[in-house]
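Working notes, beginning with the structure itself.
Coordinate-derived values only; no laboratory data. No experiment lies behind these values; they were computed from the predicted model shown. Here Cβ is always computed from backbone atoms with ideal geometry, including for glycine, and neighbour counts include all displayed protein chains.
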């Protein structure tokens with residue numbers, strides 16, 4: 001989702017189709033995505049052990065960690081994703097996450113990553129408490 005939005009925003013409708021494709025592809029590949037949800041079962045994948053009900057972080061399609069809370073999962077996952085080469089963190093909060101919860105997490109993100117702009121957007125996704133894009 002995050003890569004698709006970045007690709008769409010990069011397209012200038014006045015450019016040629018070739019330029020639009022190039023801009024969209026460049027934007028898509030510059031975005032890292034963190035998805036936060038809950039484990040539906042106990043499992044171990046590539047050495048990452050998680051328990052049923054635990055908050056999990058999936059970074060660019062790979063399970064990277066389990067945490068006690070969704071906030072901890074976001075903060076821990078971004079430790080290796082939000083770097084000196086990135087400047088924008090967009091926090092898309094899901095249907096089961098309240099606006100105040102997302103705003104509280106955004107404050108923590110701004111404190112932990114002061115060099116980054118942090119945006120909060122209602123994504124409404126049903127299965128992920130948060131989808132976070134980092135550009």
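Descriptive notes on the structure:
- Packing, taken as the mean count of other beta carbons within 10 Å per residue, orders the peptides 29-35, 120-126 from highest to lowest as 29-35, 120-126.
- Nearest 10 degrees, 0 to 90: helix 99-112 Cα axis against the chain principal axis: 80 degrees
- Using distinct alpha-carbon pairs, which all enter the 1/r mean, Kirkwood radius of the range 81-135 in Å: 11.2 Å
- Multiplying the residue separation of residue 14 and residue 48 by 0.36 nm and removing their Cα-Cα distance gives an extension gain of 7.6 nm.
- Contour excess over end-to-end distance, with Cα ends at residue 39 and residue 110 and 0.36 nm allotted per residue: 22.8 nm
- The chain - percent relative contact order, Cα under 8 Å, separation 6 or more: 25 percent
- With Cα atoms, 0 to 90° folded angle of helix 17-29 axis to the chain main axis: 20 degrees
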